[in-house]
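Report on the structure given below.
The values are calculated or read from the model by the stated rules, or taken from the named source; none is laboratory data. Please read these numbers as outputs of a predicted model, since none were measured by experiment. Positions of Cβ are generated from backbone atoms using ideal geometry, with glycine treated the same way; all protein chains shown enter the neighbour counts. These accessible areas exclude ligands, DNA and RNA; they are computed on the full protein's heavy atoms, side chains included. Shrake-Rupley method; radii C 1.70, N 1.55, O 1.52, S 1.80 Å.
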Amino acid sequence: MYNTDLPSRADLPTSAQLKRSTFFAALTALALLVTVIMPSEYAIDPTGAGRLLGLTRMGEIKTQLAAEAAADEMASASAERMTQMVPSAELMARMDRIENLLVALTAEQPASQPSPTGEAIAQDNVTVGEIAPAEALPVNPSAAPQVAEIPAEAPAQTTGRRDEMSFTLTPGQGIEVKLVMRQGAKANFSWTADGGVVNFETHGDGGGQSVSYEKGRSVPADEGAIEAAFDGNHGWFWRNRGDSDVTLTIQTEGDYIDIKRMI
């Protein structure tokens, strides 16, 4: 079996050669960092080479997406805290049913009968300390308390309302508007951005649940319908990524309890 000969000392690189190779490797890595990695990842282009190669635009898109993702996460966390402070749609429906039941019981309660006077007691020959037999007391069947029948489940009440809201978004500003809806409820919507375009996300949250319906970038307008996947808040988050103010107008119509601006 033949083993490869070990290199001689003359074949090994000298210390000066190793230092020179290390220097050139570090210089090459620095050049790649400045001309390729920094423009494409962080949109930082000190030499201008990244813009010529189209890498700076790539970095700008990445940083913008990262900023929007962070803003959306903060908006979702804020909306979740607001949802915990607002009673759920199911609790509100139960409170409505209890209130209706109390009104029904109050309406059916008979008028109170006046207590017998001393003259009436004397006429019935009832003296103090004696108890009149039960047979001697007249019984009025109509005065018996009536027990109202409690329905097993009252039907959910719908609102069927219509609203219109308008906001002005400065460059970089974001806004969120939500509809308070029960599961399965539907609402039609239409919004426009006057003076520019916006990035948006249609989503919902409530009761520890969250859902994303639709996303868009640089959109001037949108319309459609939302069907609530669960009880909670369902709506939109817009952000103005342009250089001028944008007037956003939204119109809603359908089966929702309330409309409110979250942030």
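Looking at THR192, THR202, just one residue is open to solvent by 30 Å² or more (accessible area, probe 1.4 Å), closer than 23 Å to GLU68 by Cα and of a type in the set (Val, Ile, Thr), and that residue is THR192. Can you confirm whether LEU65 is aliphatic (A, V, I, L, M), under 30 Å from ARG261 (Cβ atoms), modelled with pLDDT of 80 or more and open to solvent by 70 Å² or more (accessible area, probe 1.4 Å)? Answer is yes for this residue.
Those residues that are assigned to a helix (DSSP H, G or I) and farther than 21 Å from ALA67 by Cβ, I need them from region 38-56; list them, please. Residues satisfying the conditions are ALA49, LEU52, LEU53.
Residues checked against (1) modelled with pLDDT under 95; (2) over 21 Å from the mean Cα position of the chain (by Cα); (3) aromatic (Phe, Trp, Tyr); (4) exposed (fewer than 15 other Cβ atoms within 10 Å of the Cβ):
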site	(1), (2), (3), (4)
PRO114	yes, yes, no, yes
ASN125	yes, yes, no, yes
GLU135	yes, yes, no, yes
VAL139	yes, yes, no, yes
ALA144	yes, yes, no, yes
ARG161	yes, no, no, no
LEU179	no, no, no, no
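Being part of a loop (DSSP other than H, G, I, E, B), acidic (Asp, Glu) and open to solvent by less than 60 Å² (accessible area, probe 1.4 Å): is that true of ASP72 here? Judged against the criteria, ASP72 is not a match. Scanning region 38-59 for residues that are of a type outside the set (Ser, Thr, Tyr) and surrounded by fewer than 19 Cβ atoms within 10 Å (Cβ to Cβ) yields GLU41, ILE44, PRO46, GLY48, ALA49, ARG51, LEU52, LEU53, GLY54, ARG57, MET58.
One residue alone among ILE175, ILE259, ILE250 is over 29 Å from ALA66 (Cβ atoms), open to solvent by less than 60 Å² (accessible area, probe 1.4 Å) and part of a strand (DSSP E or B), and that residue is ILE259.
For region 13-37, the set of residues classified as within 30 Å of ALA67 (Cβ to Cβ) and either aliphatic (A, V, I, L, M) or modelled with pLDDT under 85 (or both) consists of ALA29, LEU30, ALA31, LEU32, LEU33, VAL34, VAL36, ILE37, listed by residue number. The set of residues in region 198-217 that are farther than 20 Å from ILE257 by Cα and either out of contact with any strand residue (DSSP E or B) (no Cβ under 7 Å at 6 or more places or on another chain) or in contact (Cβ under 8 Å) with a residue 60 or more places away in the chain (or both) comprises ASN199, GLU201.
For SER21, the stated conditions do not hold, so it cannot be described as surrounded by 14 or more Cβ atoms within 10 Å (Cβ to Cβ), part of a helix (DSSP H, G or I) and small (Gly, Ala, Ser).
Here region 210-243 is the region considered, the condition is being open to solvent by less than 70 Å² (accessible area, probe 1.4 Å) and part of a loop (DSSP other than H, G, I, E, B), and the residue that is farthest from LEU179 (Cα to Cα) is GLY242.
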